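Report on the following structure.
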Amino acid sequence: MATGSILVTGGAGYVGTHTVVELVEAGYDVVVMDNLVNASMESMRRVNEITGKQVPTFSIDMLDKEALRDLFRKHKILCVMHFAGLKAVGESCNKPLLYYKTNIGGTISLLEVMKEFGVYNMIFSSSATVYGSPSYLPIDEKHPVGGCTNPYGKTKYFIEEILKDICTAEKQWNVVLLRYFNPVGAHVSGKIGEDPQGVPNNLMPYVSQVAVGRLKELTVYGDDYDTPDGTGVRDYIHVVDLAQGHVAALKYLEKGCGCKVFNLGTGKGYSVIEMAKAFEAASGKPVPYKIAGRRAGDIASCYADASLAEKELGWKAKLDLAKMCEDLWRWQSNNPTGFRTES
Ligand code: NAD
Ligand code: UD1
């Protein structure tokens with residue numbers, strides 16, 4: 001590829017920071033932009049510590065086209081890895097306009113500026129949520145999409161459709177849509193990891209905060225699903241594997257690809273109870289739990305057929321459940337209050 005940088009939007013966030021580390025380690029020049037609505041500059045300071053490089057970081061809102069133009073003037077961008085957006089499902093139900101404006105409006109603003117500067121390469125953070133309630137398992141990329149039950153999920157689906165339409169209309173675009181299953185874990189250094197604001201909505205940040213003593217007990221949402229132990233089954237993927245999937249996707253895109261879709265998962269499902277037990281084993285700490293009713297909008301089981309990514313990208317998740325828990329515990333126990341200092 002010609003010389004220039006990979007622009008990582010939302011690069012100060014959870015998946016973004018881990019991907020920036022992998023990109024730098026793979027030899028890419030990286031530029032980050034993030035409005036820090038769900039992140040802090042401390043995460044980028046840690047990324048710089050891990051990589052030994054100073055990654056240029058811009059505090060910019062993607063809806064601010066003038067600020068984006070300024071960044072594109074300062075740095076020659078070869079490809080945009082687009083992580084920026086809001087991701088809380090519950091909040092999206094209460095504030096749909098905010099989600100449509102930020103995620104969809106922000107992406108359109110970014111795409112327009114990319115076009116102005118002749119940048120036609122994008123890797124987009126999509127989600128298995130676009131599959132809705134699965135009609136078969138494991139879920140491959142041919143599974144129907146669009147049955148999303150919440151505004152967050154719909155933004156992912158709509159953005160995918162927008163990107164597909166652009167690729168159909170303008171042949172110079174190369175777009176890879178990466179549908180993540182459930183990212184967990186943290187960088188092996190214990191310096192970066194997931195840092196949810198307030199009480200976590202997702203399982204593993206909740207479990208790790210119980211183990212570290214910040215929360216009393218896990219609430220298991222339902223034990224009457226049609227799964228081996230009755231609790232929900234998901235495809236948890238180590239965030240470093242996920243990050244390496246982005247590097248593989250970038251190498252694939254560099255050859256010219258049109259619009260392509262890949263699942264990034266392990267292909268293996270674990271239940272809520274299995275996850276809590278694995279975390280107890282990795283941390284040596286108890287994870288007490290109580291059983292409660294099902295969470296609205298939840299599905300019984302969701303796991304990927306990840307064979308297309310292996311075949312076409314030459315990428316496969318390598319890190320197992322024990323490693324996911326071990327690395328998450330290192331991050332959580334070294335940083336009990338995340339990137340914030342203890343108050
Ligand atoms: P995150 O919240 O940690 O990262 C997103 C980043 O985007 C944050 O740092 C936030 O400050 C930034 N941002 C938000 N609005 C912005 C705006 N208007 N302008 C600029 N920056 C903005 O989330 P994450 O877990 O790292 O997820 C990254 C992407 O992957 C998101 O698009 C998310 O929807 C998608 N995704 C995440 C998961 C998951 O479980 N973590 C699963 C599937 C898909
Ligand atoms: C959530 C999002 C989804 C997103 C995905 C990956 C919701 C409704 N959906 O899905 O849009 O794409 O994360 O980021 O938030 N669980 C408990 N107790 C808890 C938390 C979770 O029992 O305190 C259970 C859930 O019922 C589920 C499993 O753990 O069976 C995983 O939950 P979670 O981590 O929230 O991920 P998803 O439900 O897959």
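The values are calculated or read from the model by the stated rules, or taken from the named source; none is laboratory data. Everything quoted here is computed from the prediction, not taken from an experiment. So basically every Cβ, Gly included, is an ideal-geometry build from the backbone, and we count neighbours across all protein chains shown. Heavy atoms of the whole protein, side chains included, go into the accessibility calculation; ligands, DNA and RNA do not. Shrake-Rupley method; radii C 1.70, N 1.55, O 1.52, S 1.80 Å.
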- In region 198-213, how many residues are open to solvent by 40 Å² or more (accessible area, probe 1.4 Å) and either part of a helix (DSSP H, G or I) or in contact with a strand residue (DSSP E or B) (Cβ under 9 Å, 6 or more places away or on another chain) (or both)? 2
- Candidate set from region 3-29 (those that are among the polar types (S, T, N, Q) and under 20 Å from Leu111 (Cα atoms)); member that is farthest from ligand 1 (Cβ to nearest atom): Ser5
- Which of (1) open to solvent by 40 Å² or more (accessible area, probe 1.4 Å); (2) of a type outside the set (Phe, Trp, Tyr); (3) assigned to a loop (DSSP other than H, G, I, E, B); (4) farther than 19 Å from Tyr236 by Cβ is the odd one out, the single condition Asp165 does not satisfy? (3)
- Message: Can you go through Lys318, Lys290 and tell me which one is open to solvent by 20 Å² or more (accessible area, probe 1.4 Å) and farther than 26 Å from Val89 by Cα?
- Response: Lys318
- Message: Any residue that is assigned to a helix (DSSP H, G or I), touching a residue at least 24 places away in the same chain (Cβ under 8 Å), away from ligand 2 (no atom under 16 Å from the Cβ) and open to solvent by less than 30 Å² (accessible area, probe 1.4 Å) - is there at least one of those in region 114-131?
- Response: yes
- Query: Restricting attention to region 214-243, which residues are within 16 Å of ligand 1 (Cβ to nearest atom), assigned to a loop (DSSP other than H, G, I, E, B) and in contact with a helix residue (DSSP H, G or I) (Cβ under 6 Å, 6 or more places away or on another chain)?
  - Reply: Gly232
- Is region 290-310 home to any residue that is part of a helix (DSSP H, G or I) and farther than 29 Å from His82 by Cβ? no
- Note on the structure: Note on Tyr136: of the conditions (1) open to solvent by 30 Å² or more (accessible area, probe 1.4 Å); (2) within 20 Å of the chain's Cα centre (by Cα), unmet is (2)
- Thr155 fails exactly one of the following numbered conditions: (1) away from ligand 1 (no atom under 11 Å from the Cβ); (2) open to solvent by less than 40 Å² (accessible area, probe 1.4 Å); (3) touching a helix residue (DSSP H, G or I) at 6+ places or on another chain (Cβ under 9 Å); (4) assigned to a helix (DSSP H, G or I). What is the number of that condition? (1)
- Among the listed residues Gly16, Gly27, Gly11, which satisfies the condition of being closer than 17 Å to His246 by Cα and without any contact (Cβ under 8 Å) to a residue 12 or more places away in the chain? Gly27
- Message: Please verify whether Tyr225 is farther than 25 Å from Asn263 by Cα and surrounded by fewer than 21 Cβ atoms within 10 Å (Cβ to Cβ), treating the condition exactly as stated.
- Response: no
- Query: Here are some residues: Thr3, Thr17. Which one is of a type in the set (Ser, Thr, Tyr) and in a loop (DSSP other than H, G, I, E, B)?
  - Reply: Thr3
- Task: Would you check if Tyr225 is under 21 Å from Pro138 (Cα atoms) and within 11 Å of ligand 2 (Cβ to nearest atom)?
- Result: yes
- Query: How about region 233-248: which of its residues are open to solvent by 10 Å² or more (accessible area, probe 1.4 Å) and closer than 24 Å to Val199 by Cβ?
  - Reply: Val233, Arg234, Tyr236
- Message: Testing Asp195 on (1) touching a Lys or Arg at 6+ places or on another chain (Cβ under 9 Å); (2) open to solvent by 10 Å² or more (accessible area, probe 1.4 Å); (3) away from ligand 1 (no atom under 12 Å from the Cβ), one condition comes back false. Which one is that?
- Response: (3)
- Item | Search result, residues across region 24-37 that are crowded, with 22+ Cβ neighbours inside 10 Å, outside any strand (DSSP E or B) and over 15 Å from the mean Cα position of the chain (by Cα) | none
- Item | Some residue of region 275-288 being touching a residue at least 12 places away in the same chain (Cβ under 8 Å) and within 28 Å of Glu161 (Cβ to Cβ) | no
